[in-house]
Amino acid sequence: MADVRVRYFAAAADAAGRADETLDVPGATVGDLRVALVARYGEPMERMLRSGSILVDGIVSRDPQRQLGTGADVLPRFSGG
């Protein structure tokens with residue numbers, strides 16, 4: 001288990017109802033964080049994570065086996081032109 005500071009942005013913050021928190025993440029991988037977030041915040045977070053991103057050390061990580069550091073950012077999909 002690892003304590004991870006999680007920051008939420010835009011729709012992710014709406015789904016979590018907060019801008020940041022520290023979570024104890026069993027396993028401490030990106031996949032483990034996704035599971036923990038869905039268990040904690042339910043369907044709104046699950047829907048957001050389908051198209052959103054998790055940044056570890058400022059880099060988007062889609063590899064569920066990637067180890068977390070001390071912080072992760074959860075961002076919704078952004079559109080732009």
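The values are calculated or read from the model by the stated rules, or taken from the named source; none is laboratory data. Just so we're clear, the structure is a prediction, and the values are computed from it rather than from any experiment. Don't worry about glycine lacking a Cβ; one is built from the backbone with ideal geometry, like all the others, and counts go over all protein chains shown.
Just a yes or no: is a residue in the stretch 8-24 in contact with a Gly (Cβ under 8 Å, 6 or more places away or on another chain) and of a type in the set (A, V, I, L, M)?
Yes; the residues of the stretch 8-24 include at least one that is in contact with a Gly (Cβ under 8 Å, 6 or more places away or on another chain) and of a type in the set (A, V, I, L, M).
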Next item on the list: Could you list, in sequence order, all residues of the stretch 52-77 that are under 14 Å from Phe9 (Cβ atoms) and without any contact (Cβ under 8 Å) to a residue 60 or more places away in the chain?
Entry: Gly52, Ser53, Ile54, Leu55, Gly58, Val60, Arg77
Check: Is there a residue in the stretch 41-51 that is touching a residue at least 24 places away in the same chain (Cβ under 8 Å), among the hydrophobic types (A, V, I, L, M, F, W, C) and either surrounded by fewer than 16 Cβ atoms within 10 Å (Cβ to Cβ) or in contact with a Ser or Thr (Cβ under 7 Å, 6 or more places away or on another chain) (or both)?
Finding: no
Margin query: Residue under question is Arg7, and the condition is that it be of a type outside the set (Phe, Trp, Tyr) and in contact with a strand residue (DSSP E or B) (Cβ under 7 Å, 6 or more places away or on another chain); does it hold?
Written below: yes
Next item on the list: Within the stretch 52-68, work out how many residues are surrounded by fewer than 15 Cβ atoms within 10 Å (Cβ to Cβ) and closer than 19 Å to Ala19 by Cβ.
Entry: 1
Check: Taking the stretch 1-31 as the search range and keeping residues that are in contact with a Pro (Cβ under 6 Å, 6 or more places away or on another chain) and farther than 11 Å from Ala72 by Cα, which one is modelled with the lowest pLDDT?
Finding: Met1
Margin query: When you scan the stretch 19-32, do you find a residue that is surrounded by fewer than 12 Cβ atoms within 10 Å (Cβ to Cβ), farther than 19 Å from Asp3 by Cα and of a type in the set (Gly, Ala, Ser), even just one?
Written below: no
Note to self: Out of everything in the stretch 11-50 that is within 21 Å of Gly69 (Cα to Cα) and acidic (Asp, Glu), what residue ends up being farthest from the chain's Cα centre (by Cα)?
What the structure shows: Asp24
